[in-house]
Structure formats: structure tokens, C-alpha cells
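Everything below concerns the one structure shown next.
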Amino acid sequence: MTPTTPALSVPDLIDSAFGGRIGTINWQRVATNLDASGYAVLPALLTPGECESVAAQYADDGRFRSRVVMARHGFGRGEYKYFAYPLPRLIAKLRTMLYSRLCGIANRWNDAMNICVRYPDDHAQFLDRCHGAGQTRPTPLLLRYGEGDYNCLHQDLYGEHVFPLQVAFLLSQPERDFAGGEFVLTEQRPRMQSRATVVPLARGSGVIFAVNNRPVQGTRGSYRAKLRHGVSRVRSGQRLALGIIFHDAA
């Protein structure tokens, strides 16, 4: 009798397909782009179906721990919701798999900036560190912008323990679902004017970027450049995005 391979469950099939997509990314190119510019684009990492599935969760308040209306806090216009634990499966897998690919870059950056903090290979161990310091609230979030909405330049720090990279995914289709609403980064180098960059994204694409500081090679060694990010004003339609932050909040 020929032995048969046990059939994979639907969640396992999803994990396998998703892990395969992450595995095909040229991570050396990602590292090179992060070192050069402080950001790197991950093209079409999420399928249209996954974008729809994640975006549809915005209507389910039971999945979230809090809702923030940006205008009430001077953050801009629009709103966002932080997921509660346990995270939806796809988002939890995305967070864990991307962390494992980025922790080496994060450690190299800290070494270049003379920051003594080092990050473990396992994301769960890093979260244990966060939770031990009172940072126990999950930070992955969904953001929703309508016509006239925008997000002011900011940083997502949340506490003492900060992973230096984060990822934002666009869930809506530019020029079909919305117009405007570009992802914007600014970089401030010592004794220089700030430099702004607009990062074009397609639906399902992600952008990895520095949470706070990144190392820049100068004539006398590395120095720190400070980044902030935001979203320009949405001219029409509705824009939804997913934010993956690897540290938890106090």
C-alpha cells in the first residue's frame, strides 16, 4: 500500500502559500533599499482576496481593542482601530514572518548607531520583553480615510521597547477606490533641511520603513537620521490600510 500524505487544512494551505510569497522576496535588495533610503517596497505581497478579507474586518468591532478618531487628537482626519489579541490568523502570521526577516537588519542598524539593544530571532521572545515592561497592548491596526482625510507626520513608538522597522500595506486600489492619499516619508538629517519622499503603492503592496532613526553613512562614520511618516489628503473615495508594528504598546 502506498502511504498517503495527510491533507493540509485550509489554514495550513493559506500559511504555506503566504510563507512561499515571503520566501520569494529578494531580501538582500530589501536590505539594500532600507540602508540607502530608509524604506523598501514589497510588491503585491497580499492578494486581492486577502486585501478584501482584511479590509472587511473593519466593520467587526469585536476584533479591536480601541478606535481612534484622528481629528479629536490633532493627528489629522480619518480613523483607525487597533486589533485585540488574539490577532486574526493572517495578520499574526504576517507579523511573525516579517519580523524574522527584519530582525537581522534591525540588529545591524542598532550596531551602526551604537545602540546596545539587540532583538531575538523569535518574535514571541521580543513580545515577552515588551510585556515584561508593561507593553502588553497589540499594535497592528487598520486605518480608514475618506474624502478630505489625511494623517499628520508622526512616529509609532508606544513605549521603551521599540522595534526600529514597521510595515504598512495598502488594501484599496488607487484611482479606482480612491484618489490622493499618498504614503509620505520625511527624513531629518543633522544640520540639514527635511527631505520628503512619496512612496507609490499598489493594492496589496507593502512598504517597510524606519520607525524612528536609521543609520546613514557619513565621512566620519554613521550618524542618525530621523524619519516620520504620514498620508497626504485623500481627494476622493475611501482608502484602507493595514499597519504592522512589531512592538506592543504600554
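The values are calculated or read from the model by the stated rules, or taken from the named source; none is laboratory data. Predicted model only: the values in this text are computed from it and were never measured. Here the Cβ is made from the backbone with ideal geometry for all residues, glycine too, and neighbour counts use every protein chain on show. Heads up: the accessible areas ignore ligands, DNA and RNA and are worked out on the full protein's heavy atoms, side chains in. Shrake-Rupley method; radii C 1.70, N 1.55, O 1.52, S 1.80 Å.
Please identify the pairs in which a residue from segment 92-117 that is of a type in the set (S, T, N, Q) has its Cβ atom under 7 Å from the Cβ atom of a residue that is open to solvent by 70 Å² or more (accessible area, probe 1.4 Å), counting only partners at least 6 apart or on another chain.
100/121; 107/118; 110/118
For residue 183, which of the numbered conditions (1) crowded, with 18+ Cβ neighbours inside 10 Å; (2) over 28 Å from residue 63 (Cβ atoms); (3) not aliphatic (A, V, I, L, M) fails to hold?
Every condition holds for residue 183 apart from (2).
Can you find a residue in segment 165-180 that is crowded, with 16+ Cβ neighbours inside 10 Å, at positive phi and assigned to a strand (DSSP E or B)?
So the first thing to find is which residues in segment 165-180 are crowded, with 16+ Cβ neighbours inside 10 Å, and the list is 165-172, 174, 177-178, 180.
Within this subset, residues satisfying the condition of being at positive phi are 180.
After this cut, where a residue has to be assigned to a strand (DSSP E or B) as well, the list is 180.
Yes, the conditions are met somewhere in segment 165-180.
Select the helices (runs of 4 or more DSSP H) contained entirely in segment 49-158, then report the ones holding at least 3 residues which are over 23 Å from residue 183 (Cβ atoms) and open to solvent by less than 20 Å² (accessible area, probe 1.4 Å).
Working: elements: 70-73, 89-112, 123-132.
Ranges flagged: 123-132.
Any chance segment 237-249 includes a residue that's aromatic (Phe, Trp, Tyr), in a loop (DSSP other than H, G, I, E, B) and touching a residue at least 60 places away in the same chain (Cβ under 8 Å)?
Initial filter on segment 237-249 (aromatic (Phe, Trp, Tyr)): 246.
Restricting the remaining residues to those that are in a loop (DSSP other than H, G, I, E, B) gives 246.
Keeping just the survivors that are touching a residue at least 60 places away in the same chain (Cβ under 8 Å) gives 246.
Yes: segment 237-249 contains one or more residues that are aromatic (Phe, Trp, Tyr), in a loop (DSSP other than H, G, I, E, B) and touching a residue at least 60 places away in the same chain (Cβ under 8 Å).
Cβ-Cβ under 8 Å, sequence separation 6+ or interchain: first residue in segment 29-45 and within 13 Å of residue 101 (Cβ to Cβ) and of a type outside the set (S, T, N, Q), partner open to solvent by less than 10 Å² (accessible area, probe 1.4 Å) and modelled with pLDDT under 95. Which pairs?
Filtered contacts from segment 29-45: 45/22.
Out of segment 149-190, which residues are of a type in the set (A, V, I, L, M) and farther than 20 Å from residue 208 by Cα?
Residues of segment 149-190 of a type in the set (A, V, I, L, M): 153, 157, 162, 165, 167-168, 170-171, 179, 184-185.
Scanning segment 149-190 gives a single hit, 179.
Quick one: in segment 210-238, of everything that is at pLDDT 95 or above and open to solvent by less than 10 Å² (accessible area, probe 1.4 Å), which residue is nearest to residue 147 (Cα to Cα)?
Among those residues, the one meeting the criterion is 234.
How many residues, within segment 196-209, are open to solvent by less than 40 Å² (accessible area, probe 1.4 Å) and of a type in the set (Gly, Ala, Ser)?
Summing the residues that are open to solvent by less than 40 Å² (accessible area, probe 1.4 Å) and of a type in the set (Gly, Ala, Ser) in segment 196-209 gives 3.
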